[in-house]
Amino acid sequence: MRLLATGRALRASSSRWAINYSSGRSLRIPLSHLPAPSTIPRREWSFTAVRRTNEKPTDVTKGPIAGGSAAQPVAAEVQSFERDEWTNVTDTILSHVGRRLYLDENHPLAITRQLIESQFPRPTYGNYTEENPVVTTAENFDVLGFPADHPGRSRTDTYYLSEKLVLRTHTSAHQQAYFQQISRNERTRPEEVGYTVVADVYRRDAIDRSHYPVFHQMEGAMLWKRPEQEPLRHAGATAARIRADVERIPAHDVVVEDPNPTVHPQRNPLQAEFHSVEEVEQVAAHLKRSLERMVIKIFTEASKAAAGAEEETEPLKVRWVEAYFPFTSPSWELEVFWQGDWLEVLGCGVIKQELLNNSDVPDRMGWAFGIGLERIAMLLFNIPDIRLFWSRDKRFLSQFKAGQITRFKPFSKYPACYKDVAFWLPPGAASGGSAAGGAVPVHENDIMELVRGVAGDLVEDVRLVDEFTHPKTKRKSMCYRINYRSLERTLTNAETNDLHDKLRQELVSQLGVELRSAKLEASPQQPPQAAAAPVPAKKIHYPFWFGGSASCFAAAVTHPLDLVKVRLQTRGPGAPTSMVGTFGHVIKTDGVRGLYSGLSAALLRQVTYSTTRFGIYEELKNYFTTPGSTPSFFTLIGIACASGFIGGWTGNPADVLNVRMQSDAALPPAQRRNYRHAFHGLVEMTRTEGAASLFRGVWPNSTRAVLMTASQLASYDTFKKLCIERIGMSDNLGTHFAASFMAGFVATTVCSPVDVIKTRVMTASHGHGQSIPALLREITRKEGYAWAFRGWVPSFIRLGPHTIATFIFLEEHKKLYRWVKGIESEEKR
């Protein structure tokens with residue numbers, strides 16, 4: 001079945017066999033890899049070898065099957081196939097045909113195959129391989145019921161040799177033949193009622209360390225015969241025969257979570273027209289016990305290998321999860337808890353009866369499963385990069401031996417070299433999905449194919465790092481980051497520059513894009529002298545006041561939370577001790593307007609403090625930014641500390657006023673200052689307490705500003721960079737939210753102790769101030785060290801939203817500025 005295949009195979013091998021094009025229209029491929037060019041409307045045979053009746057039970061052959069039409073003989077001559085508008089297969093992909101890694105007994109994929117096959121032994125199961133990947137579209141799609149407009153039929157997803165021939169996208173392309181063979185087995189070897197089959201399959205896909213367009217699937221199935229007439233009337237007898245088979249499967253001692261019923265009317269329906277509940281219950285029991293034993297065997301071997309490598313192992317945990325697949329119902333996924341996460345291992349279910357009916361075996365029912373070999377092999381052997389499976393390097397191949405599970409030992413770690421390519425899509429083109437077949441607009445998989453064709457195994461991953469639609473022309477720009485890294489040697493920057501130049505030329509000639517920049521970015525690991533000189537891009541210089549403006553918008557949103565935080569930090573005896581209680585108390589005593597006490601001072605603080613720190617931070621960050629690099633984390637910390645210190649001094653008068661006006665209503669009436677607004681407060685403080693009062697608490701306030709700016713601005717830039725470069729997120733609102741949320745958490749924790757001290761000092765009346773050391777001794781004596789995080793929750797509840805709002809408003813300021821000026825960010829250029 002085309003169940004969820006959990007693995008993908010890897011990149012093309014560097015050595016290729018010849019592909020020739022004659023007259024620009026004829027694609028020539030070795031005959032040993034292709035069927036006869038005639039269309040086969042219904043497959044009556046398989047390339048899979050089956051056991052002849054006179055063979056020993058332990059033999060497994062790979063030749064033509066008996067009882068069907070002869071398979072295409074293996075030959076060295078070349079057979080021509082006419083190209084048409086559907087042809088999209090490349091030499092890079094065709095170079096994989098015939099490698100048959102799963103048959104090399106010392107290869108990790110072959111060892112994995114044999115380990116799985118050991119749990120499906122003869123004579124009940126036949127273990128087969130399908131060596132020829134070329135099938136008809138009827139076999140790959142029509143027989144399985146794919147709709148005409150299914151995305152799987154698209155040239156963006158499938159490799160077409162011609163309109164009627166494809167490289168199979170799943171092992172289910174051979175399913176009909178195997179179902180029919182099981183029926184024929186009733187005459188020749190009735191004990192064989194199930195099968196497993198392994199094959200290389202091909203799908204256009206992304207480029208990264210776990211995906212590749214050529215990968216290996218194993219599927220398996222088991223069928224039971226039912227009465228040809230009115231099978232539901234005899235469901236009890238069928239269920240009893242299946243139950244007897246279930247009881248013959250040895251039990252295991254691993255606890256398996258399986259909380260859901262076998263069938264559910266909505267989530268996992270019964271094929272009520274064809275099957276009874278009791279039959280399906282027994283088929284499911286046989287399926288689950290068989291696959292549980294297989295998975296337990298796999299992960300037991302993986303645990304042994306990990307233990308030999310002195311890694312911690314834990315008791316195996318397995319669970320069944322309801323799922324949906326188009327060819328089974330009910331359906332499940334089997335998951336294993338491995339290295340801290342639930343890992344989906346395979347998909348399976350009760351075969352749709354329509355498929356069996358269409359395969360001329362209407363008197364059978366059974367189960368099927370699908371599993372990806374690469375993913376299992378990567379777990380078993382601890383292989384970090386899927387490209388390694390195709391390596392011919394003896395340092396890799398010599399580490400594995402048939403019948404043994406050994407942990408892969410890296411033989412080298414070669415440096416990466418990142419290079420970006422940015423381009424405008426052709427007018428009218430849009431990157432995305434497409435209908436099945438024919439010519440389509442530019443699709444991301446087209447870009448991946450060009451990269452593979454140019455660089456093959458020398459590219460580790462390709463990621464979309466930015467996209468932009470021009471507000472006036474509506475043209476779409478995209479920027480991809482390509483990580484050039486060989487598994488076997490160090491690439492020079494000159495070599496990657498040549499590859500990248502060729503890729504840029506191919507993008508223009510093949511897809512008709514318009515390149516945005518000739519900038520080639522050298523990897524930090526490459527010697528500077530080897531790098532191509534970058535083309536400098538003009539920096540965007542945003543107005544100095546953007547940070548203050550964004551902070552004012554944020555302050556207007558979060559001021560009630562800030563007021564509650566101050567009230568909690570300065571509460572007296574009998575005052576509410578919780579955030580909710582303080583909210584209620586303020587509204588009860590001062591009304592809803594009381595939540596905005598001191599708003600004018602808060603805005604004045606942002607105009608002075610935040611404008612200064614944001615403006616200086618951005619200026620210094622631009623100063624330390626070069627065309628080929630951005631400031632390091634520690635440079636950002638230094639910049640932020642300097643900016644915060646200056647901002648703390650600049651904003652101190654407004655900060656004193658802000659704290660006083662927020663806490664004024666909590667004081668006894670006789671002690672209230674009753675400032676009408678921020679400017680009135682400035683005048684009154686200067687008149688009654690002297691100008692020096694405006695800088696009361698300036699040292700703790702500046703210290704807090706240093707910590708706040710370093711933990712907020714520097715951490716935001718760092719988290720944003722990690723989200724984009726490490727996680728693969730785009731530079732959009734979701735990324736801004738995630739980065740600012742994490743920055744708010746860091747800032748709250750770092751600033752909490754200084755925030756408490758600052759508030760205590762600033763709220764002290766004239767003549768009642770204490771030195772900071774004396775204040776520390778007193779509050780530690782009275783409250784213990786918990787004072788340092790007093791009000792942390794309301795601080796985070798206030799500072800978290802304030803940080804999020806500030807950075808989102810700031811990013812929107814920048815976005816609006818670029819739109820007004822008709823320019824893009826540096827990343828988009």
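The values are calculated or read from the model by the stated rules, or taken from the named source; none is laboratory data. Source: prediction; values computed, not measured. Here Cβ is always computed from backbone atoms with ideal geometry, including for glycine, and neighbour counts include all displayed protein chains. Side chains are part of the model used for accessible areas, which takes the heavy atoms of the whole protein and leaves out ligands, DNA and RNA. Shrake-Rupley method; radii C 1.70, N 1.55, O 1.52, S 1.80 Å.
Considering the conditions (1) in a helix (DSSP H, G or I); (2) at pLDDT 90 or above; (3) closer than 26 Å to P151 by Cβ, R375 is excluded by exactly one of them, (2).
Only a single item in (1) open to solvent by less than 50 Å² (accessible area, probe 1.4 Å); (2) among the basic types (K, R); (3) at pLDDT below 85 is not met by R504, and it is number (3). Any residue in the range 137-156 that is under 22 Å from R100 (Cα atoms) and over 29 Å from the mean Cα position of the chain (by Cα)? Within the range 137-156 (the criterion being under 22 Å from R100 (Cα atoms) and over 29 Å from the mean Cα position of the chain (by Cα)), the answer is yes, since at least one residue qualifies. When the range 89-120 is limited to residues that are open to solvent by 20 Å² or more (accessible area, probe 1.4 Å) and among the polar types (S, T, N, Q), the one that is nearest to I447 (Cα to Cα) turns out to be T90. Filtering E811, E826 for residues that are open to solvent by less than 30 Å² (accessible area, probe 1.4 Å), over 30 Å from F583 (Cα atoms) and either modelled with pLDDT of 75 or more or not in a helix (DSSP H, G or I) (or both) leaves a single hit, E811. If I ask for residues that are touching a helix residue (DSSP H, G or I) at 6+ places or on another chain (Cβ under 6 Å) and over 20 Å from S290 (Cβ atoms), which ones from the range 346-359 would you list? Within the range 346-359, just S359 meets the criteria. Of all the criteria given as (1) surrounded by fewer than 19 Cβ atoms within 10 Å (Cβ to Cβ); (2) within 25 Å of T196 (Cα to Cα); (3) under 26 Å from the mean Cα position of the chain (by Cα), the one not satisfied by E333 is (1). Checking each residue in the range 698-727 for being open to solvent by less than 30 Å² (accessible area, probe 1.4 Å) and under 16 Å from the mean Cα position of the chain (by Cα) picks out C723, I724.
Taking the condition among the polar types (S, T, N, Q), crowded, with 20+ Cβ neighbours inside 10 Å and under 22 Å from M708 (Cα atoms), does T611 pass? When the stated conditions are applied, T611 passes them. Candidates in the range 589-607 are the residues that are without any contact (Cβ under 8 Å) to a residue 12 or more places away in the chain and part of a helix (DSSP H, G or I); of these, the one that is most open to solvent (accessible area, probe 1.4 Å) is R593. Picking from residues in the range 579-613 that are closer than 17 Å to I797 by Cα and at pLDDT 80 or above, the one that is nearest to the chain's Cα centre (by Cα) is V580. Within the range 390-404, residues that are closer than 18 Å to R489 by Cβ reach partners that are of a type in the set (D, E) and open to solvent by 60 Å² or more (accessible area, probe 1.4 Å) with beta carbons closer than 6 Å, at six or more positions or on different chains, in the pairs D393/E488. In the set Q229, Q181, Q175, only one residue is crowded, with 23+ Cβ neighbours inside 10 Å, more than 33 Å from the chain's Cα centre (by Cα) and within 30 Å of E281 (Cβ to Cβ); that residue is Q181.
Restricting the range 233-274 to residues that are in contact with a helix residue (DSSP H, G or I) (Cβ under 9 Å, 6 or more places away or on another chain) and among the basic types (K, R), the residue that is least open to solvent (accessible area, probe 1.4 Å) is R243. Of the set (1) modelled with pLDDT under 70; (2) open to solvent by 60 Å² or more (accessible area, probe 1.4 Å), all apply to M762 but (2). Taken as a whole, the structure places I447 among residues that are outside any strand (DSSP E or B) and either open to solvent by 40 Å² or more (accessible area, probe 1.4 Å) or touching a helix residue (DSSP H, G or I) at 6+ places or on another chain (Cβ under 8 Å) (or both).
The range 150-211 holds no strands (runs of 3 or more DSSP E) entirely within its bounds that carry 1 or more residues that are in contact with a Cys (Cβ under 9 Å, 6 or more places away or on another chain), polar (S, T, N, Q) and at pLDDT below 95.
Annotation note: of K472, K476, the sole residue that is under 25 Å from the mean Cα position of the chain (by Cα), surrounded by fewer than 19 Cβ atoms within 10 Å (Cβ to Cβ) and of a type outside the set (A, V, I, L, M) is K476. Look at the range 645-676 and say how many of its residues are open to solvent by 80 Å² or more (accessible area, probe 1.4 Å), modelled with pLDDT under 80 and not aliphatic (A, V, I, L, M). Residues meeting the conditions: 5.
For the range 692-704, check the following and say yes or no: at least one residue is assigned to a loop (DSSP other than H, G, I, E, B) and over 19 Å from A601 (Cβ atoms). Checked the range 692-704: no residue is assigned to a loop (DSSP other than H, G, I, E, B) and over 19 Å from A601 (Cβ atoms). Take the conditions (1) at pLDDT 75 or above; (2) open to solvent by 20 Å² or more (accessible area, probe 1.4 Å); (3) hydroxyl-bearing (S, T, Y); (4) farther than 14 Å from F807 by Cα; S752 misses just one of them, which is (2).
Matching residues to (1) closer than 29 Å to E139 by Cβ; (2) not in a helix (DSSP H, G or I):
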position	(1), (2)
V345	yes, yes
V361	yes, yes
L379	no, no
L388	no, no
R392	no, yes
K401	no, yes
R407	no, yes
K419	no, yes
